[in-house]
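The values are calculated or read from the model by the stated rules, or taken from the named source; none is laboratory data. Computed from a prediction, not measured in an experiment: that's the story for all the values here. Here the Cβ is made from the backbone with ideal geometry for all residues, glycine too, and neighbour counts use every protein chain on show.
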Amino acid sequence: MREKLKLNSKWFLIIDPEGEGSNKQWYIEPPQNISQQIDIPLTQPLSLPSKTTNLWFFNSFDLENSWFEPQVNIILTLEYINFRANIWINGYQLESHYGAFTKFRRHIPQSILKEKDNLIVIQVQSILSSLEVPVLSPFLTTELAQSAGIWGDVVLEKMPQTYIEHVYVKTDIKNKRLVVNIYPNNKKFKTYKVKVPELGVEAEKSKSKISIQLQDFEKWTIENPKLYDLHIQLLTENYADEVKIKFGIRDLSIVEGKFWFNFEEIILKTIYFDWLPHHLALQDFSEENLKKYLTDIKESGFNSILSFNKPLPSKVLQICDEIGIIVGESSFFPHNNNKTNSKTLFEKEIMEILFQHRNHPSFGWFIINSFAPEESLSGLIREIRKFDRVRAVTICENIQSSNRKFYSSTPFTVTLKPTEIIALKPWLPANEETLLWLETFDNPDALQFVINYNFISTQTNQNLQTLPTTDLVEEFEKRDLALSFQSSEKLLENANLLYIAHYNSIIHSIRKNERISGYCLFKFSINDLENFDNLISLLPNNPTVKQTLKRYNQDLKILIDLGKTILFPSESTNLDVTLTYPKNS
C-alpha cells in the first residue's frame, strides 16, 4: 500500500523582502505574475536583498483516486529545509518547522485534498529572520546558517491506516542479542514479525519491543563492515505493513579518556568532512563520487570523518556503513538550559538526528555543544540515553570559555568524566603553538583527541624542557626553526612549507605518543590567507603581496582542509596531497 509521489520539479518563487506575503494571504492565492521559476531542491544559494528576506515557494500537484480510499494516511515530507518554514496545502496550514537543514514530516488530512490542482505553498525564513531564536553569532555568520531554502526532496507518501513510523535496532554484542524497537503511528492492536534472513532468526510478538538471541554473527568492523538485512512486518486483520533496513553489530564508547571500538582500544584517525547545502545537487556529491572520495580517504590511512555543527546527509552515512568508516557529528544548535527557545530547538534537533541516524553502524560518536551549567549535563545525557544507548556521546561545556572542558559518557552509564580535547591554533606563532600542544601531555584526564581548531585557548607556566616529550619537542623545534619568518618575503617564500609541515608535524608527533586516542585534520575556521584578518598587520599594504597570498591559498586549499574537505574532480591542487596523510600509518 505504500506509495511515494515526489514533487521535485520547477516551482515558483517570490522573494519578499518587505514581508508583505502573509498580510496579503499569498498562502491562499500567490501572485504568479511577480514570481520566478526555480528548481526544487535548490542547487545554489539564492541572491537575496537582505538576510531577513521571506521566500515563498509554491506549486500544484494532482492525486490519483487511490489516495482517497478509506484507511489511507497521507504524509508530507520535506528534507533539508532551513530554517523556519510555514506550510499550507489548499489554504490549510500544517504545523510550522524550525530547524537547520532538518526534516519536516507531517500528516495531511484527506479532507483538504482534491484530485486536481492542489496548491502547496511554503514560506521560508532564514534563521536571521527569526529574532526570537537565541543562536550565537558564530553560527549566524556561516554560509550554512544563511542558506535559507528547500535543499532536499519534497515527497508525498501514501500509507496504510496503521503503519510503521520508525524502527530502532540496538545490538548487544556481549549478550549476543538484537533488540528491535518498533514505533507504529497508533496504539491499535497489532502483531509484529521481525527476521534476519542471513542469520536464520525471526520472532513474532504482540509487543513493539522484540529481543532476538543471536548465535553466530559477524561484527561490523573497519576492515570488514558487515551489514545485515532486517525485515519488519506490522500485521493487522486486513493487511501487512513492511519495512526493511540494514544494520551492523558493533560497539563504540569512551573508556577512561580513550576510544574503544568492539571492546578494543582504537586510535581515531579523522578527517573533517565539510559540506554545504548546494553540494547535494552537484554531480560531485553523487553517491558514486562520494563513495570514491570516502574510499580514497580510508585507503590514505583515515578511519573516521567528523562533521561539526553540520548534521550529515543520510547518504554519507549509508556509504560509510558500506565501506567501514566511523562517523562523528554534532547538532547545529548548542544546548543552553537557561534559554527556553534554544533548549527546545536543541532537543528537537537532537531527537531528529538520532531518529534518522541511529541505525547506522558507522554513526559512532555524537558531540554536543553546551552552554548549560555543569550540573545539568548529567540530566541531558540521561535524556539522550532514552533514545540511543549504542554510541559515544561527548558534551563540550562552555564554548566561549578559554578553559573549555569536554564531558564524555560511555554507553549504558551516565557517569561523567571530565576530559579535554587538545586544540591547536594554526595562526599562533609557532613556539606558542608548540607550548599549547606539549602542555596537554602532562594531563592524565585529557581525552587526547587532537583537533587543529580555534575554540580553545589555554595558558601554562610550565617550563617546556620539564615535560617528558623529547621526541615531540625535537619534531616541533625543527618546524619552528624552519618556519620562523620576519618579513612578508619570508612568509611568501615559506607558505608551502608552512602548511605541509603543520599537518605532517602534528600527525608525526601523534604517532609517537601512545596516549593519543585520535586526531582530526580540521579545516581552518578562519580563511587565514584569503581574508588576511590575522596576517595583514604583519605585511606591507601591497596589492601584489595580497594577490600572491591569495594564489598560494587557492593552490593549498586541499591542505587547508584536505580539499575544503572535498576536492571535486573539476578542481586541482599544485601540491602532493599525500604529504598530509602518508599511507600505511
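How many residues does the range 251-293 contain that are over 24 Å from GLN44 (Cα atoms), aliphatic (A, V, I, L, M) and buried (at least 20 other Cβ atoms within 10 Å of the Cβ)?
5
Six or more apart or on different chains, Cβ under 7 Å: which pairs go from a residue in the range 258-283 that's of a type in the set (Gly, Ala, Ser) to one that's surrounded by fewer than 19 Cβ atoms within 10 Å (Cβ to Cβ) and assigned to a strand (DSSP E or B)? Could you list them?
none
Name the residue, out of PHE308, PHE247, PHE263, PHE285, that is closer than 23 Å to ILE173 by Cα and under 22 Å from the mean Cα position of the chain (by Cα). I'd like the intermediate steps shown before the answer.
Details: PHE308 fails: closer than 23 Å to ILE173 by Cα; PHE263 fails: under 22 Å from the mean Cα position of the chain (by Cα); PHE285 fails: closer than 23 Å to ILE173 by Cα.
The conditions single out PHE247.
In the range 47-64, which residues are at pLDDT below 95, loosely packed, with under 15 Cβ neighbours inside 10 Å and not charged (D, E, K, R)?
Within the range 47-64, SER47, PRO49, SER50 qualify.
Being of a type in the set (Lys, Arg), free of Cβ contacts under 8 Å to residues at least 60 places away in the same chain and surrounded by 18 or more Cβ atoms within 10 Å (Cβ to Cβ) is true for just one of LYS207, LYS219, LYS190. Which residue is that?
Exactly one of LYS207, LYS219, LYS190 is of a type in the set (Lys, Arg), free of Cβ contacts under 8 Å to residues at least 60 places away in the same chain and surrounded by 18 or more Cβ atoms within 10 Å (Cβ to Cβ), namely LYS190.
Kindly provide the set of residues from the range 147-167 that are modelled with pLDDT under 95, in a strand (DSSP E or B), over 12 Å from VAL243 (Cβ atoms) and in contact with a helix residue (DSSP H, G or I) (Cβ under 9 Å, 6 or more places away or on another chain), ordered by number.
Answer for the range 147-167, where residues must be modelled with pLDDT under 95, in a strand (DSSP E or B), over 12 Å from VAL243 (Cβ atoms) and in contact with a helix residue (DSSP H, G or I) (Cβ under 9 Å, 6 or more places away or on another chain): just GLY149.
Could you please find all residues in the range 263-285 being among the polar types (S, T, N, Q) and closer than 14 Å to ILE297 by Cα?
THR270 - this is the single residue of the range 263-285 that is among the polar types (S, T, N, Q) and closer than 14 Å to ILE297 by Cα.
Here is a list of conditions, (1) at pLDDT below 85; (2) within 15 Å of the chain's Cα centre (by Cα), and SER314 meets all of them except one; can you say which number that is?
Against the list (1) at pLDDT below 85; (2) within 15 Å of the chain's Cα centre (by Cα), SER314 comes up short only on (1).
Being of a type in the set (A, V, I, L, M), within 30 Å of VAL196 (Cβ to Cβ) and touching a residue at least 24 places away in the same chain (Cβ under 8 Å) is the requirement here; does LEU294 meet it?
When the stated conditions are applied, LEU294 passes them.
Select from the range 336-362 the residues that are in a loop (DSSP other than H, G, I, E, B) and touching a strand residue (DSSP E or B) at 6+ places or on another chain (Cβ under 8 Å) and write down the one among them that is modelled with the lowest pLDDT.
Step one: of the range 336-362, the residues in a loop (DSSP other than H, G, I, E, B) are 336-339, 358-362.
Still in the running and touching a strand residue (DSSP E or B) at 6+ places or on another chain (Cβ under 8 Å): 336, 358-362.
Numbers: ASN336: 67, ARG358: 89, ASN359: 94, HIS360: 96, PRO361: 96, SER362: 97.
If we take residues in the range 336-362 being in a loop (DSSP other than H, G, I, E, B) and touching a strand residue (DSSP E or B) at 6+ places or on another chain (Cβ under 8 Å), then ASN336 is modelled with the lowest pLDDT.
What are the residues in the range 72-120 that are surrounded by 15 or more Cβ atoms within 10 Å (Cβ to Cβ), out of contact with any Phe, Trp or Tyr (no Cβ under 6 Å at 6 or more places or on another chain) and either at positive phi or part of a loop (DSSP other than H, G, I, E, B) (or both), if any?
Scanning the range 72-120 gives ASN90, LEU94, GLY99, LEU113.
Of all strands (runs of 3 or more DSSP E) completely enclosed by the range 190-279, which ones contain at least 2 residues that are under 30 Å from PHE83 (Cβ atoms) and at pLDDT below 90?
Qualifying strands (runs of 3 or more DSSP E): 268-272.
Looking at VAL167, VAL179, which is the one that is crowded, with 18+ Cβ neighbours inside 10 Å and under 31 Å from the mean Cα position of the chain (by Cα)?
VAL167
Looking only at the range 294-335, how many residues end up being assigned to a helix (DSSP H, G or I), of a type outside the set (A, V, I, L, M) and farther than 29 Å from MET351 by Cα?
Total satisfying the criteria: 4.
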